[in-house]
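Everything on this sheet refers to the single structure shown next.
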Amino acid sequence: MSYIVVFTGPAGSGKTTLTRTYGEWLRTNMFLNVCQVNMDPGAEFLPYEPCMDIREFITIKDIMREHGLGPNGAFMKAVEMISQIMDKIMREQPFNEPENWDVIIVDTPGQLEAFIFRPETREIMGRLQAIGRTVISYLIDSSMIRTSTDAITMWFLGVLLQVKIGIDVIPVITKADTLDKARENIIRKLITSPEKLLEDIGDSEGIVSDILPELISITVKTRGAYRPVLISINNSESVEDLHYVLHEAACSCGDLT
Ligand SMILES: Nc1nc2c(ncn2[C@@H]2O[C@H](COP(=O)(O)OP(=O)(O)OP(=O)(O)O)[C@@H](O)[C@H]2O)c(=O)[nH]1
Ligand SMILES: [Mg+2]
C-alpha cells in the first residue's frame with residue numbers, strides 16, 4: 001500500500017466531500033485502488049461508497065440514547081468507544097489487508113475537539129501508522145476566513161492537532177471557489193508569507209496586539225515542510241496539486257507518480 005490519508009477539520013470544512021472527490025480523482029487519473037473509510041459515527045449521508053463504515057459498530061444516535069448524552073458529548077464518548085474496539089476494526093477491510101489497496105482515505109467527524117482533547121486519538125492514529133504511511137490533512141474552510149485573525153485562529157487548530165498527535169499535519173484550505181479578492185489575498189498571505197498578516201492587524205489593541213504577533217511567529221514556524229494547498233472540488237488541477245503534496249508527504253519511493 002502507498003499511503004493512508006486522514007481528513008480532519010472543523011465541522012463543514014469539506015472532509016466528506018473531499019473524501020469522495022479525491023477518491024474519484026485517484027481512481028480516474030491514477031488508476032489506483034482506493035478505499036474510502038467512514039470514521040464519522042454521526043454521518044447521515046455519504047456521497048461515496050465506503051469500504052468500511054464505523055456506523056456498523058457505533059452510531060451517535062445510539063450513544064446519545066444509551067448514555068443520555070447530547071450530540072457533542074456523544075462524539076467525545078465515540079472516540080473512547082472506537083479506541084476500545086480498535087482490535088476489531090483492524091480485523092476489518094481495508095485494515096486487515098492493507099496490501100490490497102493503494103490508498104486508504106479516512107473521513108472523520110467534524111467535532112475537532114474530539115481529536116484535540118481525547119487522548120485516544122493518538123492511539124487510534126498509531127494503529128493506522130502501524131499498517132501504512134499515514135498523513136493527516138487538516139482542512140481549513142476558506143469561507144470561514146474574513147480577517148487575518150480568522151486565518152491565524154483557524155491555522156492554530158491545526159497546530160494543536162499536530163502537537164497532540166505527533167504526526168505531520170498537512171494544511172489544506174478548502175472551497176477556494178467561494179473566495180472574493182480580499183479574502184483570497186488573506187489566504188495567499190497565510191500560504192506564502194504569514195508574517196505579512198501582521199500588516200493587517202497592526203492597529204489592534206490590548207492583549208490581542210501582544211499575542212497575535214507571537215501566534216504569527218508560531219504560524220511561520222509551523223508551516224512545516226509541506227506547503228499548504230488551496231483547493232476547490234470544482235477545480236481538478238487543485239485536487240491534483242493536493243495529491244502531489246500528500247504523496248510527497250507520505251511516500252519517498254515515488255511509485256505513484
Ligand atoms: N463551494 C464549495 N463547496 C464545498 C467544497 N467542498 C465542500 N463544499 C460544501 O461544503 C459543505 C460541507 O461539506 P462536507 O463535505 O459535508 O463537510 P464535512 O467537513 O464532512 O462536514 P462534517 O462531517 O459535518 O464535519 C457541503 O455543502 C459541500 O458541498 C468546495 O470546494 N467548494
Ligand atoms: Mg463529513
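The values are calculated or read from the model by the stated rules, or taken from the named source; none is laboratory data. Note that this is a predicted model, so its numbers are computed, not measured. Note that each Cβ is placed from the backbone with ideal geometry, even for glycine, and that neighbours are counted across all protein chains shown.
Observations, loosely collected:
- Answer residue from segment 59-80, given it is among the aliphatic types (A, V, I, L, M) and over 21 Å from the mean Cα position of the chain (by Cα) and is farthest from T16 (Cα to Cα) among those: L69
- Filter result for P194 (within 16 Å of ligand 1 (Cβ to nearest atom), closer than 18 Å to I140 by Cα and either crowded, with 20+ Cβ neighbours inside 10 Å or aliphatic (A, V, I, L, M) (or both)): no
- So G12, is it surrounded by fewer than 19 Cβ atoms within 10 Å (Cβ to Cβ), within 13 Å of ligand 1 (Cβ to nearest atom) and either small (G, A, S) or more than 18 Å from T121 (Cα to Cα) (or both): yes
- For segment 203-212, the condition of being assigned to a helix (DSSP H, G or I), at pLDDT 80 or above, within 20 Å of the chain's Cα centre (by Cα) and of a type outside the set (K, R) holds for none of the residues.
- If you go through segment 221-247 and pick out every residue that is surrounded by fewer than 16 Cβ atoms within 10 Å (Cβ to Cβ), within 16 Å of ligand 1 (Cβ to nearest atom) and assigned to a loop (DSSP other than H, G, I, E, B), you end up with 2.
- Which numbered condition L160 fails, given (1) within 17 Å of A249 (Cα to Cα); (2) part of a helix (DSSP H, G or I); (3) within 14 Å of the chain's Cα centre (by Cα): (1)
- Selection within segment 39-56: residues that are surrounded by 18 or more Cβ atoms within 10 Å (Cβ to Cβ) and of a type in the set (D, E). The member of this set that is nearest to ligand 2 (Cβ to nearest atom) is D40.
- Segment 115-147, residues that are surrounded by fewer than 23 Cβ atoms within 10 Å (Cβ to Cβ), at pLDDT below 90 and in contact with a helix residue (DSSP H, G or I) (Cβ under 6 Å, 6 or more places away or on another chain): I116, R118
- One residue alone among T17, T59 is within 17 Å of A114 (Cα to Cα) and surrounded by fewer than 20 Cβ atoms within 10 Å (Cβ to Cβ), and that residue is T59.
- Selection from segment 158-190 of residues that are modelled with pLDDT of 90 or more, surrounded by fewer than 23 Cβ atoms within 10 Å (Cβ to Cβ) and either under 21 Å from L242 (Cβ atoms) or within 16 Å of ligand 1 (Cβ to nearest atom) (or both): K175, A176, D177, T178, L179, D180, R183, E184, I186, I187, R188, K189
- In this entry, N96 passes the filter for residues that are more than 22 Å from I233 (Cα to Cα), modelled with pLDDT of 95 or more and polar (S, T, N, Q).
To keep it simple, each residue is scored yes or no on (1) part of a strand (DSSP E or B); (2) within 14 Å of ligand 1 (Cβ to nearest atom).
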{"position": "N29", "(1), (2)": "no, no"}
{"position": "L32", "(1), (2)": "no, no"}
{"position": "C35", "(1), (2)": "yes, no"}
{"position": "P41", "(1), (2)": "no, yes"}
{"position": "F45", "(1), (2)": "no, yes"}
{"position": "G73", "(1), (2)": "no, no"}
